[in-house]
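Everything on this sheet refers to the single structure shown next.
The values are calculated or read from the model by the stated rules, or taken from the named source; none is laboratory data. The structure presented is a predicted model; accordingly, all values stated were derived computationally and were not measured. In this analysis, Cβ positions are derived from the backbone assuming ideal geometry, glycine residues included, and neighbour counts consider all displayed protein chains. Only protein heavy atoms, including side chains, enter the accessible area calculation; ligands, DNA and RNA are left aside. Shrake-Rupley method; radii C 1.70, N 1.55, O 1.52, S 1.80 Å.
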Amino acid sequence: MDDFGTQGSLPTHPELLDYLTVSFEEHNWDLKWLTKEIMMSQVYRQSSAEVAEYATADPSDKLLWRKAPVRLEAETIRDSMLKVSGLLNDKMFGKPEPIKRGPDGQWLEDGNQGSGQVRRSLYLAQTRTRSVAFLKVFDCPDMTSDHQPERFRAALPTQSLALLNNPLVLRTTKAFAERVVEESKGNYDAAVGLAVQEAYNRPATAKEQEIARRAIGAEANPQEGLRLFIQAIFGANDFLYSH
């Protein structure tokens, strides 16, 4: 992203770059105008759905015929879990929230001081030598580097392990399960539908409902079965990726 020299590739849409450059100057270098112009464009708002004809002609999407699915940033994943679970404290501004070293040596939000466990990731007091483990595993910016022009988006086994064992995931899935059961008045089919709707912004499919019933039925405590299903929701691409 930061290499515009001989190592960089040629632009696929030079006319578009020329148009944006000239228009940017004509609008007095107004960044708000430029941002709106890009975000309101048809290319920016298009679907990530594949079209067989286009995929055959341009499999790498150099011509921008679809939006490539992109994994959400580490902070957005954490904040989304807090939001849908109902735990998020969306208070603006304030002092940095402290973090602490957990029993396994990883850095976590300090639940004994402040409200870092429910504040947005922006407010966590991370430093060069202390990064919250969940954010670090999902490629939050490396604070030991002088600069990082582009975020890495690796796909590693440690991410799956974090989604299985991290205290954040266990805490938010438990709260989410409790909330949807309460709002559905103990109707677990309705609770599953509500959980999927809030997490994915779409109705649950028949297959998802069946998987949820099996998970709920396999546990002595049905609410724990629902929590495990919600944990699977959080680990799926529909939650982790922007489509």
### Query
Quick one: Cα convex hull volume of the chain, Å³ per residue?
195
### Query
Given the Cα-Cα distance of Ser160 and Ile38 and 0.36 nm per residue of separation, how much length would full extension add, in nm?
40.5 nm
### Query
Nearest 10 degrees, 0 to 90: what angle lies between the long axis of helix 167-183 and the longest principal axis of the chain (Cα atoms)?
70
### Query
GNM, the chain, Cα, under 10 Å: largest mean-square fluctuation among Thr172, Thr21, Thr76?
Thr21
### Task
List the GluC sites (Glu not before Pro) within the range 1-100 that fall in a DSSP loop (any state other than H, G, I, E or B) and whose Cβ has at most 14 other Cβ atoms within 10 Å.
Glu50
### Task
Give, in nm to one decimal, the length gained when the segment between Asn112 and Glu15 is fully stretched (0.36 nm per residue of separation minus the Cα-Cα distance).
29.3 nm
### Message
Nearest 10 degrees is fine. How inclined is helix 14-26 to the longest principal axis of the chain, computing both from alpha carbons?
### Response
90
### Met92/Phe24 FRET efficiency (R0 35 Å; Cβ-Cβ; nearest 0.05)
0.70
#### Entry: Charge tally in the Cβ shell below 14 Å around Ile77, where Lys, Arg are +1 and Asp, Glu are -1, Ile77 excluded
+2
### Message
List the residues, sorted by chain then number, that are 5 or more residues from Glu97 or on another chain and whose placed amide H is less than 5 Å from its amide H.
### Response
Leu124, Ala125
### Query
If each Cα of the range 59-195 is one equal point scatterer, what is log10 of I(q)/I(0) from the Debye formula at q = 0.11, 0.12, 0.13 Å⁻¹?
-0.50, -0.58, -0.67
#### Entry: Distance between modelled label sites at Ile211 and Lys185, nm, 7 Å Cα→Cβ extension
3.0
#### Entry: Sparse-neighbourhood loop sites, chymotrypsin sites (Phe, Trp or Tyr not before Pro) in the range 28-64 - DSSP loop, at most 16 other Cβ within 10 angstrom
Trp29
### Query
How many angstrom lie between the C-alpha centres of the range 22-60 and the range 205-223?
41
## Note on the structure
Per the 1/(1 + (r/R0)^6) rule, R0 = 41 Å and r from the Cβ atoms of Arg130 and Leu63, FRET efficiency to 0.05 is 0.40
### Message
I'd like the accessible area for Ile211, computed on protein heavy atoms only with a 1.4 Å probe and all protein chains in place. Round to 10 Å², please.
### Response
80
#### Entry: Rounded accessible area per residue of the chain, 1.4 Å, Å²
64
### Query
Hey, what's the Cα Rg ratio for the range 165-243 versus the globular rule of thumb, 2.2 N^0.38 Å?
1.00
### Message
Quick check on the chain: of the DSSP beta bridges with both residues there, what percent are antiparallel, nearest 5%?
### Response
60
### Summary
With a 1.4 angstrom probe the carbon and sulfur portion of accessible area for the range 1-121, in percent, totals 57
### Task
At 7 Å along the Cα-to-beta-carbon direction for both Asn237 and Val51, put a label point, then send me their distance in nm to one decimal.
2.0
### Summary
Over the chain, the sum of -39500 (n - 2.57) across DSSP H runs of at least four, divided by residue number and rounded to 500 deg cm²/dmol, gives at 222 nm -14000 deg cm²/dmol
## Note on the structure
Relative to the chain, whose Cα atoms define the longest principal axis, helix 188-200 and its Cα axis are tilted in degrees, nearest 10, by 20
### Query
Whole-Hz Karplus ³J(HN,Hα) for the range 226-239, in order, using 6.51 cos²θ - 1.76 cosθ + 1.60 and θ = phi - 60°, x for Gly and Pro?
5, 4, 5, 5, 5, 4, 5, 4, 5, x, 8, 4, 4, 8
